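Working notes, structure below.
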Amino acid sequence: MDKTDDITLKELLRTFSEYKSEILSRKKLIFITVLIFCLFALLLSKVTESKYQADITFVVQSPTSEGSGLSNLGNIASSFGFNIGSSESTFSQANVMELFKSRRIIEATLLKSADINDKKNILLIDYYTNVKDLRNSSDWINDKIDKLDFKIRTNKRDSIVSLFWKDIVEDNLVVSFNSKDASIITLSFIFQDQYFAKIFVENIIEEMSKFYVGYNTSQTRNTLEFIQDRADSVYLELKLAEEEYAKVQDINQRIVKASGRLKELQLMRTVQVLNTMYLELIKNLELSKLTLLKETPIIEVMDGPVLPLEDKRIKPLVLFTLFAFLAILFSSIYIILRKIVIKNK
């Protein structure tokens, strides 16, 4: 048994030595193969577009004391016959992550103006089309949309925005948690132009913050506006009543009978009631403003992108090394298989 094993090992070593000698004798073939593969690597590195990744990390801070705050405002509004409804929020971190990919947020971001690179006050969507050179493409020219003005809302504009939205969500935008236990969220945008990538993530955070704050404080703002309108109305009534009261006082200066002062007494009571109402409304108005300030949620940015951004495409050196290794591997396999075929003939 040991003798057989020894023979088998010797045969393996001899076979390995033969293949090794055959490979080394074909250095020219291997060199040419490596050269061809490296040329392919060079061509690939030239045609591959740059991919710049802009990352922005943030924390979604929910309103504090949400239930008690809106409850207080609800009591204030109810005293004037106004119902603000439920205070329950439908937002969560998962919902916020999905909202970043919604058409509403991305469209609003694309239609914002900004200074990008050397372009002043340009729409993000215009810069996006310029980078991709879409206006000069045959499809856009044939469809007569190469001169499309994105500032004017049309069906064609809406269709193109929908296509851009799908492309961005599928190919460019990534939203994820930093870890399972942490509440820090990272928004990444990958694009061939680093200036656009940076401006886009900054503006989409700004747009999402506006939407998030507006939604969470809509009921509180409605109550605040109602109290403000009511206070303005009561103030106007109080001002008119005071003026009328002053006029009646002037007329009644020489009247002795109480019946002649009846209107004066009625106006005095009206002024006192309106003054009390106005003071109460002003107090509730200030309380509402404080409640709104406390309950306003924020998306707090922890870290943002800084130029120059890192190019995420494969580095040329890595590409050459990989293709050279593949060239040696494939040429060696070819040489070994060729020797096996010739040997078995």
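The values are calculated or read from the model by the stated rules, or taken from the named source; none is laboratory data. Note that the coordinates shown come from a computational prediction; the quantities given were computed from them, not determined experimentally. Please note: Cβ atoms are built from the backbone with ideal geometry, for glycine as well, and neighbour counts cover all protein chains shown.
Some notes on this structure:
- Among the residues examined, Ser138 qualifies as free of Cβ contacts under 8 Å to residues at least 60 places away in the same chain, more than 16 Å from Glu202 (Cβ to Cβ) and surrounded by fewer than 17 Cβ atoms within 10 Å (Cβ to Cβ).
- Which listed residue, of Phe226, Phe164, is among the hydrophobic types (A, V, I, L, M, F, W, C), assigned to a helix (DSSP H, G or I), touching a helix residue (DSSP H, G or I) at 6+ places or on another chain (Cβ under 7 Å) and closer than 30 Å to Thr291 by Cα: Phe226
- Test: residue in region 121-128 that is modelled with pLDDT under 95 and exposed (fewer than 12 other Cβ atoms within 10 Å of the Cβ): yes
- Residues that are on the phi < 0 side of the Ramachandran plot, touching a residue at least 12 places away in the same chain (Cβ under 8 Å) and within 17 Å of the chain's Cα centre (by Cα) occur at least once in region 213-220.
- Flag if Lys27 is loosely packed, with under 13 Cβ neighbours inside 10 Å and modelled with pLDDT of 85 or more: yes
- Leu309 meets all of the listed conditions (1) in a helix (DSSP H, G or I); (2) within 50 Å of the chain's Cα centre (by Cα); (3) buried (at least 16 other Cβ atoms within 10 Å of the Cβ) but one, namely (1).
- Subset of region 116-131 that is in contact (Cβ under 8 Å) with a residue 24 or more places away in the chain and in contact with a helix residue (DSSP H, G or I) (Cβ under 8 Å, 6 or more places away or on another chain) - its residue that is nearest to Phe200 (Cα to Cα): Leu124
- Checklist (1) assigned to a helix (DSSP H, G or I); (2) crowded, with 16+ Cβ neighbours inside 10 Å; (3) aliphatic (A, V, I, L, M) applied to Ile299, failing item: (1)
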